[in-house]
1. Within region 180-233, take every residue that is of a type in the set (Gly, Ala, Ser) and crowded, with 21+ Cβ neighbours inside 10 Å and give me the one that is nearest to Trp87 (Cα to Cα).
2. For region 160-170, check the following and say yes or no: at least one residue is crowded, with 19+ Cβ neighbours inside 10 Å, β-branched (Val, Ile, Thr) and over 18 Å from Ser59 (Cβ atoms).
3. When you go through Asn196, Asn231 one by one, which is the residue that is assigned to a loop (DSSP other than H, G, I, E, B), modelled with pLDDT of 95 or more, more than 24 Å from Ser59 (Cα to Cα) and out of contact with any helix residue (DSSP H, G or I) (no Cβ under 8 Å at 6 or more places or on another chain)?
4. Which is touching a strand residue (DSSP E or B) at 6+ places or on another chain (Cβ under 8 Å) and surrounded by fewer than 18 Cβ atoms within 10 Å (Cβ to Cβ), of Lys90, Lys73, Lys100, Lys49?
5. Only one residue in Arg163, Arg193 is basic (Lys, Arg) and closer than 26 Å to Arg110 by Cβ, so which one is that?
6. Of all helices (runs of 4 or more DSSP H) completely enclosed by region 81-187, which ones contain at least 1 residues that are under 19 Å from Asn64 (Cβ atoms), in contact with a helix residue (DSSP H, G or I) (Cβ under 7 Å, 6 or more places away or on another chain) and free of Cβ contacts under 8 Å to residues at least 40 places away in the same chain?
7. Among the residues in region 209-219, are any more than 16 Å from the chain's Cα centre (by Cα), aliphatic (A, V, I, L, M), in a loop (DSSP other than H, G, I, E, B) and more than 23 Å from Lys91 (Cα to Cα)?
Amino acid sequence: MRVIKINRKIFLFYTIIVVLSFLVVSNQERVISVVTQNLKPIYSVKTDKPQIAITFDISWGEQNVLPILDILKTENVKATFFLSSPWAEKKPELVQAIVKGGHEIGSHGRRHVDLNTLSEKELTTELDSSKESLEKLSGQNINLLRTPNGAYDNKVISVANARGYHVIQWSVDSLDWKRPGAEAVINYVLNGRSKNKGASPGDIILFHASDSAPDTPKALPTIIKALKEKNYELVPVGVLLENAIESWPPGSSL
């Protein structure tokens, strides 16, 4: 019988290679994200349900909030409102009206600044203070964040996730803040813009309920009715995530 001798150093080398290969495969998504700097917020989801999330950002003003809430009540639609915490602190009665309507509250940060310009310490303070304030005012667990101006980087995503947030972007932009007119807002949502498609299952629609978007209450009833006619269900972001098979793009996570 022939005995094969294996050099100890060679054996140790190949053992390390095998272990590292296993770790890379088992943590592939994490490794790819870290190496390629590919952490992303959630823009949309893959779902087998005919659901679309409808969202509103508010950072200032009050003229559009109650009209929008009235439309949502009439149409029996629940939505997600991303609130700037200073606005919420100044308008607690409107926060309560949103909550009373059965809608979901998310954070739109504290200061309306690009979060990717902040240090990790500043970012942590920003996210924690906003979360604490909104939870106190709404009575809800705040776990959704829409960054001001949609600005983010790997640091923003990783710190927000560590603070218990899902970072939410949008896949359909109404561009209502540009005040293009109600017909244009309707067209952007239902038919899309240039290379973009109109709203379909798994999408997250961006509206604004700040005073900067006076076309929104005018366009909203037509948009909701048209989407319902396609048998789409309009839901808060939290419901969309609960029923999601996976999130998009790669680098985002449910």
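The values are calculated or read from the model by the stated rules, or taken from the named source; none is laboratory data. Because the structure is a prediction, the values reported are computed rather than measured. In this analysis, Cβ positions are derived from the backbone assuming ideal geometry, glycine residues included, and neighbour counts consider all displayed protein chains.
1. Selected residue: Ser210.
2. There is no residue in region 160-170 that is crowded, with 19+ Cβ neighbours inside 10 Å, β-branched (Val, Ile, Thr) and over 18 Å from Ser59 (Cβ atoms).
3. Of Asn196, Asn231, the one residue that is assigned to a loop (DSSP other than H, G, I, E, B), modelled with pLDDT of 95 or more, more than 24 Å from Ser59 (Cα to Cα) and out of contact with any helix residue (DSSP H, G or I) (no Cβ under 8 Å at 6 or more places or on another chain) is Asn231.
4. Every option except Lys49 fails the conditions.
5. The conditions single out Arg163.
6. Output list reads 92-100.
7. no
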